[in-house]
There are 2 protein chains.
Amino acid sequence: MAEAEHPGGRVLSNGKARIDFQTDPSRYRHWQLKVDGDIATLVMDVDEKAGLFEGYELKLNSYDLGVDIELADAIERLRFEHPQVRAVVLRSGKQRVFCAGANIRMLAGATHAHKVNFCKFTNETRNGIEDFSQNSSVATICAINGTAAGGGYELALAADYIMLVDDGSAAVALPELPLLAVLPGTGGLTRVSDKRKVRRDHADVFCTTEEGVKGKRAVEWRLVDEVVPGSKFDETIVSRTREFAAKSKRDPAALGIKLTPLTRTFSADAVEYETVSVEFDRAARLATITLRGPATPPPSSADAMASLGAGFWPLKLARELDDAILNIRLNELDVAAIVFKSSGDPAGVLAYDRFLDANKDHWLAREIRDLWKRVLKRVDLTSRSLVALIEPGSCFAGTLAELVFASDRSYVLIGNREGDNRPPAGIVLSDANFGAYPMSNGLTRLGCRFLANPADVDAAKAERGAMLDAERAQQRGLVTFALDDIDWDDEVRVFLEERSSFSPDALTGMEANLRFAGPETMESKIFSRLTAWQNWIFQRPNAIGEEGALKRYGTGQKPVFDTKRV
Amino acid sequence: MAEAEHPGGRVLSNGKARIDFQTDPSRYRHWQLKVDGDIATLVMDVDEKAGLFEGYELKLNSYDLGVDIELADAIERLRFEHPQVRAVVLRSGKQRVFCAGANIRMLAGATHAHKVNFCKFTNETRNGIEDFSQNSSVATICAINGTAAGGGYELALAADYIMLVDDGSAAVALPELPLLAVLPGTGGLTRVSDKRKVRRDHADVFCTTEEGVKGKRAVEWRLVDEVVPGSKFDETIVSRTREFAAKSKRDPAALGIKLTPLTRTFSADAVEYETVSVEFDRAARLATITLRGPATPPPSSADAMASLGAGFWPLKLARELDDAILNIRLNELDVAAIVFKSSGDPAGVLAYDRFLDANKDHWLAREIRDLWKRVLKRVDLTSRSLVALIEPGSCFAGTLAELVFASDRSYVLIGNREGDNRPPAGIVLSDANFGAYPMSNGLTRLGCRFLANPADVDAAKAERGAMLDAERAQQRGLVTFALDDIDWDDEVRVFLEERSSFSPDALTGMEANLRFAGPETMESKIFSRLTAWQNWIFQRPNAIGEEGALKRYGTGQKPVFDTKRV
């Protein structure tokens, strides 16, 4: 049997053609998720034989994308299945090693695209851990029992509180620069400077010291919050965790729901979910994602919502959309543009928005809104041109309208198409468009869109609930172009053809700039300042050339560098 | 005679080995600087035969670094030689063409390092134009008489007010993406989104439309401020300029000083200025810049300062330091680290700081402070490791102490060296360290350094004027390491050797992150989000490969792209 290489640059260990983001705790190879009352423990115990791709071993709790997919899943489980949890301890299942970071052989053999996508996903997972703490009131404690190097320390940096055992050898380190000639690019540099607020010269010493920093200096330099003698490590973890858990606002009596597996069918040119369809037009390099509105009205109460569990329409749709986006990102690299369409009754969508607003104090409603926020951020950060096509019969209302505002361009059809008696297209806004889903730069999508004139946001807000037809939506600045039936097909086709004729890289760079007008936050800095520099370095011969540090690592040969500073 | 290739990738047209940043209006080939009372006009009229390098012609007012060096010089002349000017008009000397942007053949043949350095300098020039308007109260009006494409429109974007002739063909355009597969990377994308606040979907259309936008739409989309019929163009420029000039706070009676040529001597391993020495240790890949304190006390009055003109110590030092930094950046690519040293009497330096504070309402004192601000920003943005060595006899006081805080690391020697009876090393702070010289992110260097604890800034502030010896400076967090004479030589040597052993690219990326903790501004976004993405694209085969768009431009052959989106 011929082994097909994944676009990641290697053959997937499970023999499949695509990386799958769906998993569940019963299938974890690298993590244990233990829940004991209101305390959860996430134990990292990487199975070195269970790499996502063939060709490397995940020694010393080093990780690849497969390890991070499980971690991301575990956080989702904690959010939805264990809402009573008030504190989470992250620790290692190995002796004297916390985590050696991203696996170097995996990185050295990965394609550029996979390196970039791997870092993006791990960044999203770490941002998700911080979001979990901030917005779900769950304290996160990282207990470092040995060496936390590179991505291992970057993982720790995502926690609220970092404890380091003081045994004379345990240390935190960011050895990427001296060892591999790349950056601590999974948030490391940004979290050191902007979250831990390590003084810049200390950060300089730290990031150029292969062996890292340990003991008292690690606390003095703000790299960890506490060092604890080995003999007291376990008991201190328990007492700190109890202290933090006591401060959580989470309800210890909340009962979780089950995140049941997504129902998906993959075919050659489509993925069919229950509320989402993805169609690939490979010749045109397009993926069309159609989102379906709810088939039934919202339930009568929050309890009824909880009974529906993962079947509750907004939750199901968010999970399916997230999976669809990740599938395109990692497995469908030739897709130039994602086209968003929708079908359904806008009033039905709005009814769910109102339901979630009315139950905003219920943990599940809050978690669903937060999931939508993160999925929409994932859309913003997806390096494909994003296009919304708003056609008769569509339901871009409230939460779903955010996809229009997340798009690089949107087209709305004026009136009806010949022979089509579905309701004319339009947009309906809801409260959800004015604060529920901030982008990574802290602005709402409408706030970012109307940076020139905040009064345009107010004007749009005043029309919440009203169906804004094509011309009205254009007048309000909510869509790019409103087109007649006569022009629609040609204009859209010409635009999409043009898009796929452009340099994919230049589009990525342009979109990464134009999507994020206005302020930057620590989160957005990770994806702009840090990631963009890291991606640059990931193209430089000093890192990836035959004599570069990534290629030479572990060979006993020193890398040879082009000495020019650029 | 063998023609030596400059690190820029070509032979310099003037036959020299290094790019020189010193010029004056009598030598301009591409610009005319006309001053008429309180109005200045900068006419861009590029001599196509006078490219900086051999091998291309600067057609259609396209530019290379040489053109921008003249523009930067002209702005400095306006600041110092024409302080009565209250408004500046930027316009073209060519018929129906404003500026075609950066010359494509120049770019296509440039080394990666030169592309990056060229963009950085042009960015600094454009930021300088904005700074001139904001801080010197000089209105800048750009009058576009034809096509302003790419860097041509980016230049216009630096002005306060953009006028476009409405003649049916004149347009503004950012055709980089469709034409060349690169970004409008000299501030273009960021100024479109963050300064002009163009709606993101309009920006998307604009930046993917080769021919650009003209007429009424250009105003509606906020790309220009006004379109003016051709018959009224000249008179409207005059009336607008008058209106803006009337609002300036500049004194129309102010008398300028002459920016006399710098006195410099280049030798094989050194550049000697009057107040600055640069020494190259090429084996160690080091440049040591020694700044000399003032030889005389400050003058008795602002008028006396003006009489000294370019000989006034703080002005001379700033200009010489700026030239030294630019020389290293563009001509000495192998330098891994810049070591800052100083010699002189700290009290003398402080006296000048006090003098500038006392005369802060005098235009010349204000311009000198502003020049220092820009030179220090240039230091922050220099992609070399920056090290301050504070030794006996040094004068890192007030303004000069900013170089310590701009450095990635600083070392101070405790007490005296054997056989050296110069005063022990230390740092003295002045008011200038607490607001006069903001970084591009808007923070003072001490504010950025002490992000974790703003009280540390206050504590430092309380000690203004006091000589903080090595140990005290370290205690206050103002330096990285205080070392005894016994350890000094070895520690410093080992550190510098280590630095030059690391990957130059990884250092560039690390330093670009660690130097800028905290908020981002439009200016800092240009150098982080935009520049870092552009540099990435400048490494991608879709732009620079043999079949890439930059290489294929003008050949009649279409570029061939790797279609993978990354």
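The values are calculated or read from the model by the stated rules, or taken from the named source; none is laboratory data. Since the model is a prediction, treat every value here as computed from it, not as a measurement. Note that we place each Cβ from the backbone using ideal geometry, even for glycine, and neighbour counts take in every protein chain shown. Remember, those area values only see protein heavy atoms, side chains included, never the ligands or the DNA or RNA. Shrake-Rupley method; radii C 1.70, N 1.55, O 1.52, S 1.80 Å.
For the range A:1-97, the convex hull spanned by the alpha carbon atoms encloses 98 Å³ per residue. Taking the Cα centre of the range A:195-328 as the origin and placing charges on Cβ (Lys, Arg +1; Asp, Glu -1), which of A:Ala270, A:Cys207, A:Thr260 is farthest toward the positive end of the dipole? Checked the options; the winner is A:Cys207. With a simple spin-label model that places each label point 7 Å from the Cα along the Cα-to-Cβ direction, the separation between A:Glu5 and B:Lys258 comes to 6.7 nm. For the chain pair A and B, buried accessible area totals roughly 8300 Å², probe 1.4 Å, rounded to the nearest 100. Dipole magnitude for the range A:493-566: about 300 debye, using +1 per Lys or Arg Cβ and -1 per Asp or Glu Cβ, origin at the Cα centre.
Sequentially through the range B:386-391, phi angles give Karplus couplings (6.51, -1.76, 1.60; θ = phi - 60°) of 10, 10, 9, 10, 9, 10 Hz, Gly and Pro residues having no value and appearing as x. For the range A:317-474, the square roots of the Cα gyration tensor eigenvalues, ordered a ≥ b ≥ c, give a/c below 1.5, which places it in the rounded category.
Close amide H partners of B:Trp31, meaning residues 5 or more places away or on another chain with modelled amide H under 5 Å apart, are B:Asp45. Remark on A:Ser92: its backbone amide H falls under 5 Å from those of A:Met44, A:Asn145, a criterion applied only to residues 5 or more positions apart or on other chains, H modelled at 1.01 Å from N.
Could you tell me which of the pairs B:Lys247/B:Lys360; B:Lys120/B:Lys247; B:Lys94/B:Lys525; B:Lys120/B:Lys195 are separated by over 28 angstrom between their Cα atoms in the structure shown? Correct reply: B:Lys120/B:Lys247; B:Lys94/B:Lys525. Computed over protein heavy atoms with a 1.4 Å probe, the accessible surface of the protein assembly as shown works out to 35 Å² per residue. In a reduced charge model with +1 at each Lys and Arg Cβ and -1 at each Asp and Glu Cβ, the range B:245-318 shows a dipole moment near 380 debye about its Cα centre. Spin-label pair B:Lys461-A:Ile486: with each label point 7 Å from Cα along the Cα-Cβ axis, the two points sit 6.7 nm from one another. Under the combined filter of DSSP loop state and at most 15 neighbouring Cβ atoms within 10 Å, the range A:5-86 retains these GluC sites (Glu not before Pro): A:Glu5, A:Glu48, A:Glu54, A:Glu57. Note on B:Asp345/B:Glu546: beta-carbon distance plugged into 1/(1 + (r/R0)^6) with R0 of 45 Å gives a FRET efficiency of 0.15.
Using C-alpha pairs under 8 Å with a sequence gap of at least 6, the mean separation divided by the residue count of chain B gives a relative contact order of 12 percent. Calculate how steeply helix A:65-81 sits against the longest principal axis of the alpha-carbon atoms of chain A, using the helix alpha-carbon long axis, and give the answer as 0 to 90 degrees to the nearest 10. Around 70 degrees separate the two axes. Note on B:Lys49: aspartates and glutamates with a C-alpha under 20 Å away, same-chain residues under 8 apart excluded, are B:Glu3, B:Glu5, B:Asp20, B:Asp24, B:Glu57, B:Asp64, B:Asp68, B:Glu70.
Averaged over the residues of B:179-192, the number of partner chain Cβ atoms lying within 10 Å of the residue Cβ comes to 3.
Over 29 Å apart at the Cα level, from the set A:Lys258/A:Lys373; A:Lys34/A:Lys249; B:Lys249/B:Lys461, are B:Lys249/B:Lys461. The string of couplings for the range B:543-560 from the Karplus curve (6.51, -1.76, 1.60, θ = phi - 60°) is 9, 10, x, 4, 9, x, 5, 5, 6, 8, 4, x, 8, x, 8, 6, x, 10 Hz, one whole number per residue in order, with x for Gly and Pro. Farthest toward the dipole's positive end in the range A:1-146, which of A:His30, A:Gly101, A:Leu71, given Cβ charges of +1 (Lys, Arg) and -1 (Asp, Glu) about the Cα centre? Going by the Cα projections, it comes out as A:Gly101.
Quick one: in the range B:115-181, what % of C-alpha pairs are over 19 Å apart? Cα-Cα pairs of the range B:115-181 separated by over 19 Å account for 41 percent. Converting phi to 3J(HN,Hα) with the Karplus coefficients 6.51, -1.76 and 1.60 and the offset θ = phi - 60°, the range A:218-234 yields 4, 6, 4, 8, 6, 6, 9, 8, 7, 10, 10, x, x, 5, 10, 4, 5 Hz in sequence order, with x at every glycine or proline. If I take R0 = 35 Å and measure r between the Cβ atoms of A:Thr563 and B:Gln22 in this structure, what FRET efficiency does the formula 1/(1 + (r/R0)^6) give, to the nearest 0.05? About 0.80, to the nearest 0.05. Among the GluC sites (Glu not before Pro) found in the range B:465-556, those both in a DSSP coil and sparsely packed, with 15 or fewer other Cβ atoms within 10 Å of their Cβ, are B:Glu546, B:Glu547. One way to sum up the overall shape of the range A:465-547 is the equivalent ellipsoid from its Cα gyration tensor, whose semi-axes run 38, 21, 7 Å, largest first.
Overall dimensions of the range B:511-566, expressed as equivalent-ellipsoid semi-axes from the Cα gyration tensor (√(5λ), whole Å, largest first), are 32, 11, 9. Partner aspartates and glutamates whose Cα lies under 14 Å from the Cα of A:Lys564, excluding those fewer than 8 positions away in the same chain, are identified as B:Glu332, B:Asp334, B:Asp505. Separation of the range B:252-272 from the range B:163-205 is 37 Å, based on Cα centroids. Rounded to the nearest 500, the 222 nm mean residue ellipticity of chain B from helices alone is -11000 deg cm²/dmol, with -39,500 (n - 2.57) taken per DSSP H run of at least 4 residues.
A Cβ-based charge dipole, computed about the Cα centre of the range A:1-156 with Lys and Arg at +1 and Asp and Glu at -1, lands at about 280 debye. The Cα atoms of the protein assembly as shown cover 84, 81, 55 Å along the three principal axes, with the biggest extent listed first. Across the options A:Ala351, A:Tyr437, A:Val387, the greatest Cα extent toward the positive end of the charge dipole of the range A:343-495 (unit charges at beta carbon of Lys, Arg, Asp, Glu) belongs to A:Tyr437. Straight-line cross-link partners of B:Lys216 among the lysines, defined as a Cα under 18 Å from its Cα and at least 8 positions apart when in the same chain: B:Lys197, B:Lys232. Only protein atoms count toward the accessible area here, which uses a 1.4 Å probe; on the protein assembly as shown, the carbon and sulfur part of that area reaches 49 percent. Would you mind checking which residues have amide H under 5 Å from B:Leu483's amide H? H placed 1.01 Å from N; only 5 or more apart, or other chain. Distant-sequence amide H within range of B:Leu483: B:Val412, B:Leu413, B:Ile414.
Here the protein assembly as shown carries DSSP beta bridges of which approximately 35% are antiparallel, counting only pairs with both residues inside. Put simply, the Cα atoms of the range A:130-261 extend 48, 37, 28 Å along their principal axes, the longest span coming first.
For chain A, dividing the convex hull volume of the Cα atoms by the residue count gives 159 Å³ per residue.
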